[in-house]
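This report refers to the structure that appears directly beneath it.
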Amino acid sequence: MVTRNIGKAMGVLCLAIGISLIGVGCSGGSNDGTGSQSQAGNAGGGTLSGKVQIDGSSTVYPISEAVAEEFRKVQPDVRVTVGVHGTGAGMKKFIAGEIDICDASRGMKEKEAAACKEKGIEFIELSVAFDGLAVIVNPKNTWCECLTVGQLKELWRPESGVKQWKDLNPKWPAKEIKLYGPGTDSGTFDYFTKVIVGEEKASRADYTASEDDNVLVTGVQSDEYALGYFGYAYYEENKDKLKLLGVDSGAGCKKPTVEAVRDNSYAPLSRPLFIYVRKSAFERPEAVAFVKFYLENAAELASDVGYVPVSDEVVKANQDTLKGALSK
């Protein structure tokens, strides 16, 4: 998604879900530049310049862009750029040394970590928010209120035989389902296929795919028989144009809400969101200042853009991870 509307304040909610976070390092790393720490303990504590480059997940983009906008107010001479090419594409840039931070709507894959090790890249992983995936249809859809995980799997699996709504339920219309979803470089695509289909990246190919969630919103909005999925925050930004479906994983139909994501009752479509930071970036005081600012403000800004903030325990773990990276 490329919208920068962050006015939908939803209140800061502490998430009582523990996530184990550690600073993840690949061997053969670079100097972490501990001398820069004294210059960047506070983003507003001194004038900085330079640049910080971010790319990756369209889901994490609204958080990183919101943080970047606030950071620019206190450090206007630091150029922070936030791209939105999907988690997979962001990881490729991260490994190639083209960006300092990768936004990710999934954890780093083993092969990506191995590529880091091969290139001598050290990094840390920080959890910045939680999100739920929304399954959405056109507002004119009056026949479907909820889909089971089994129905979603049958709909999205490779070589699916589901073509019309009646293939999911004989009482539903004999009309073709037009499908919309994230592209294959998206962490949302990876997560959805893993928890719904049962295998990461296993999906039918005959759907409209895009890394720009506005394209998906427009597609579903313009077709009465359409169905799609993307991050819950995107639905919140466009809920006047879309209809949200519930998902039944065996315990009854549940729609994603901040509360349902917070207590993990919206299963299996709730997930953590991450940023990965190259340790070599900490050689530059502007990068240190930005990451510190990010962690200090992520909870409030994540809530502003429709996500669930991490718990106090995760906040502390993030701070400990960063402190450890800067002390070496």
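The values are calculated or read from the model by the stated rules, or taken from the named source; none is laboratory data. Bear in mind that the values here come from a model prediction, so they are computed numbers and not experimental data. Neighbour counts are summed over all protein chains in view; Cβ atoms, including those assigned to glycine, are modelled from backbone coordinates with ideal geometry. Areas reflect the complete protein model, heavy atoms only, side chains present, ligands, DNA and RNA absent. Shrake-Rupley method; radii C 1.70, N 1.55, O 1.52, S 1.80 Å.
Couple of notes before you dig in:
- Pairs with Cβ under 8 Å, 6+ apart, first in the range 188-209 and at positive phi, second outside any helix (DSSP H, G or I): Lys201/Thr184
Residue-wise test of (1) modelled with pLDDT under 95; (2) closer than 19 Å to Leu273 by Cα; (3) assigned to a strand (DSSP E or B); (4) open to solvent by less than 50 Å² (accessible area, probe 1.4 Å).
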position: Val24; (1), (2), (3), (4): yes, yes, no, yes
position: Asn31; (1), (2), (3), (4): yes, no, no, no
position: Gln37; (1), (2), (3), (4): yes, no, no, no
position: Val52; (1), (2), (3), (4): no, no, yes, yes
position: Pro62; (1), (2), (3), (4): yes, yes, no, yes
position: Glu65; (1), (2), (3), (4): no, yes, no, yes
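- Checked against the criteria, Val310 does not count as part of a helix (DSSP H, G or I) and either of a type outside the set (D, E, K, R) or at pLDDT below 90 (or both).
- The requirement of being within 17 Å of the chain's Cα centre (by Cα) and basic (Lys, Arg) is satisfied by Lys194.
- Checked against the criterion of being over 14 Å from Ala287 (Cα atoms), open to solvent by less than 10 Å² (accessible area, probe 1.4 Å) and out of contact with any His (no Cβ under 9 Å at 6 or more places or on another chain), the range 70-86 has at least one qualifying residue.
- Number of the exception - Gln319 against (1) crowded, with 23+ Cβ neighbours inside 10 Å; (2) part of a helix (DSSP H, G or I): (1)
Each row is one residue, and each column tells you yes or no for (1) in contact (Cβ under 8 Å) with a residue 40 or more places away in the chain; (2) of a type outside the set (Asp, Glu).
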| residue | (1), (2) |
| --- | --- |
| Gly90 | no, yes |
| Ser105 | yes, yes |
| Lys140 | yes, yes |
| Leu147 | yes, yes |
| Leu155 | yes, yes |
| Glu159 | yes, no |
| Asn169 | no, yes |
| Ser186 | yes, yes |
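Okay, residues lined up against (1) more than 21 Å from Gly83 (Cβ to Cβ); (2) without any contact (Cβ under 8 Å) to a residue 12 or more places away in the chain:
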residue: Gly250; (1), (2): yes, no
residue: Lys255; (1), (2): yes, yes
residue: Ser270; (1), (2): yes, no
residue: Ile275; (1), (2): no, no
residue: Ala281; (1), (2): no, no
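- For the range 291-301, the condition of being touching a residue at least 12 places away in the same chain (Cβ under 8 Å), more than 19 Å from Ala66 (Cβ to Cβ) and either open to solvent by less than 30 Å² (accessible area, probe 1.4 Å) or not polar (S, T, N, Q) (or both) holds for none of the residues.
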